[in-house]
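Read-outs: derived from the displayed coordinates by stated rules, not from any lab. Keep in mind that this is a model prediction, so the values were computed, not measured. We place every Cβ from the backbone using ideal geometry, glycine too, and count neighbours over all the protein chains shown.
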């Protein structure tokens, strides 16, 4: 579960989640229709501190999903897999953009010193739009 902050009556933040979301879909918009997080990415979000996770989710919701072109904010990674990187402070979100499905798939999330050491080679290139 990804934690969302909610405000109580005194306008203070509480630590309880505002509501739960389906594991794979966390945002929708009119331009890129949605962003999905792989199980690995969700686990990485859960393992980091709440403020960093909140900042990453807000960035992806507000700047990437709602933009007309999600490639404007990111940078292409080299290699045959065609992944994109988004910088959010000291954290990086590695995504796969699927234009035909209007989908952004976040495959890895982590600190900048560790994210590129993860086995991105285990991710296979897309075949036939899947």
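Annotations
- Ascending count of other beta-carbon atoms within 10 Å, so fewest first, for 91, 37: 91, 37
- Neighbour counting of Cβ atoms within 10 Å sorts the residues 99, 34, fewest neighbours leading, into 99, 34.
- Using 0.36 nm per residue and subtracting the Cα-Cα separation, the extra length available between residue 117 and residue 72 on full extension is 13.7 nm.
- Cα shape, the stretch 27-122, gyration tensor, a/c 1.5 rule: oblate
- Computed lengthening from residue 47 to residue 61, 0.36 nm per intervening residue step minus Cα-Cα distance: 3.1 nm
- Ranked for footprinting exposure by Cβ neighbours inside 10 Å, fewest first, 85, 71, 36, 117 give 117, 71, 85, 36.
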